[in-house]
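Only one structure is covered here, and it is reproduced in the block below.
Quick note: the coordinates plus some simple rules give every number you see, no bench work behind them. Treat the numbers as computed from the prediction; the structure is a model and nothing was measured. Note that each Cβ is placed from the backbone with ideal geometry, even for glycine, and that neighbours are counted across all protein chains shown.
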Amino acid sequence: MEYNEIKKISKKILKVILWAAGIIGGICTIALVFAIITFVVWYIENKPSKNKFDRRIGWEYFWNKDNNGECIIDLAETMPFEWDSLVFTSPSWRFDTHYTKITFMRNGNVVYYADWFPYPYEEHPGGVVFMHEGDMFTAYPHDAKFKAYKDDKSLFDSEGKFILLKKVEQGSHSAP
């Protein structure tokens with residue numbers, strides 16, 4: 001083989017190698033972006049200290065709040081499962097924080113529950129607090145609408161990091 005032929009073949013091989021490297025690089029880039037997105041979604045779903053109910057309400061509040069920092073959250077639309085009643089209980093104050101439990105039922109069976117202490121003493125305090133008089137209430141999909149808002153320093157001096165939920169009474173048509 002002559003030098004020119006070897007040079008031409010080398011250039012063709014180099015082009016194929018560069019083409020393959022570009023394809024492999026593109027695939028690696030796509031895989032890396034997918035891995036990052038997967039990690040972020042996993043982290044949001046498994047973030048320590050918060051329960052899934054807190055995260056779901058936080059997500060709804062973040063995307064739906066108006067300029068006044070308020071929105072209406074309809075649990076019938078927000079929760080990703082079918083339910084026919086929910087029971088909220090807040091039986092006691094423990095360790096200077098309010099213990100909360102919410103149970104969603106369907107046909108007399110529990111389909112989801114969460115219980116938590118809003119965590120005011122952690123490095124990043126926050127969570128969901130129901131603003132309700134009494135220790136318990138029951139709601140149904142047709143009346144499970146809550147005004148969501150933050151009230152600076154109203155709870156545990158936490159600089160408005162708690163999302164407060166106040167049940168919207170039937171017949172109340174006030175805008176959020």
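Remarks
- Interchain or long-range residues, amide H under 5 Å from F130's placed H: L165
- Distance in nm between pseudo-label sites at Y140 and I24 (7 Å out along the Cβ direction from Cα): 6.4 nm
- Most to least packed among 107-115, 35-43 [average Cβ atoms within 10 Å]: 107-115, 35-43
- Proximal lysines relative to K150, as straight alpha-carbon distance under 26 Å, when same-chain residues fewer than 8 apart are discounted: K47, K50, K52, K65, K101, K161, K166, K167
- Highest average first, the peptides 11-19, 56-64, 76-84 ordered by how many other beta carbon atoms sit within 10 Å of their residues are 56-64, 76-84, 11-19.
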